[in-house]
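Visitor: Just dropping this structure here.
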Amino acid sequence: MPRSDDNFGLVTEQAGQRLAVLAEALFLINLLLLPGIAFAILAGLWFKHRHSAPPLARQHLYQATLVSLWGGLLIVVLGGLILLAGGLDEGWTWVVLILYFTCIHSTLILFGVVALTKAMSGQRWRFPLIGPRLE
């Protein structure tokens with residue numbers, strides 16, 4: 001039987017792919033395990049590599065940093081507005097606040113997993129609505 005040159009679907013790594021994966025992983029770590037600490041590392045990576053990173057890594061770094069800021073803003077500001085509008089003593093305020101937080105947080109996690117998957121496959125991807133435009 002002749003030997004095949006098939007690579008079984010293995011593709012060589014693109015320039016900046018590891019940094020892109022790290023950026024999206026830090027986005028998820030910020031949401032799930034170490035909020036604040038992971039964001040500080042992510043922001044440091046963005047400031048260090050924003051001009052020198054390959055296009056794939058730059059896009060994922062920028063997106064993960066920007067969406068982390070948007071996500072924090074959505075959760076903190078709108079959560080605060082819900083508390084101010086309903087008051088701390090009303091039960092419905094807490095129901096709405098918990099539902100809001102759960103929906104926003106879960107959506108960010110879901111899209112973060114998609115972004116991590118795209119980074120692992122060497123593809124660019126944009127978060128719907130709050131993601132930066134692709135170059």
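Visitor: Once both axes come from the Cα atoms, what is the angle between helix 17-32 and the longest principal axis of the chain, in degrees from 0 to 90, rounded to 10?
Guide: Between helix and principal axis, roughly 20 degrees.
Visitor: Hey, another quick one. If I model a spin label at Ala85 and Gln123 as a point 7 Å from the Cα along the Cα→Cβ vector, what separation in nanometres do I get?
Guide: For the pair Ala85/Gln123, the computed spacing is 3.7 nm.
Visitor: All other residues with a Cβ under 14 Å from the Cβ of Trp125 taken together, and with Lys, Arg as +1 and Asp, Glu as -1, what is their net charge?
Guide: Residues close to Trp125 contribute a combined charge of +3.
Visitor: What relative contact order, as a whole-number percentage, does the chain give when Cα pairs under 8 Å and 6 or more residues apart are counted?
Guide: 30 percent.
Visitor: I've got another one for you. Using 7 Å Cα-to-Cβ label points, what is the Leu99/Arg18 separation (nm, one decimal)?
Guide: Using points 7 Å along Cα→Cβ, the separation is 4.7 nm.
Visitor: Over all directions, average the projected area of the Cα convex hull of the chain and note it in nm².
Guide: Approximately 11.3 nm², given one-decimal rounding.
Visitor: Assuming 0.36 nm per residue, please report the length gained on full extension of the stretch Ser52 to Ile75 beyond their Cα-Cα distance.
Guide: 5.1 nm
Visitor: In a solvent-free Debye calculation with one equal scatterer on each Cα, what is log10 I(q)/I(0) for region 61-112 at q = 0.25 Å⁻¹, listed in the order of the q values?
Guide: Log-scaled intensity ratios, in q order: -0.90.
Visitor: Moving on. Using the count of nearby Cβ atoms within 10 Å as a rough guide to exposure, how do Ser121, Ser52, Ser68 rank from fewest to most?
Guide: Ser52, Ser121, Ser68
FYI, it's all coordinate maths here, none of it is from the lab. All values derive from a computational prediction rather than experimental measurement. Cβ atoms come from the backbone with ideal geometry, glycine included; neighbour counts cover every protein chain shown.
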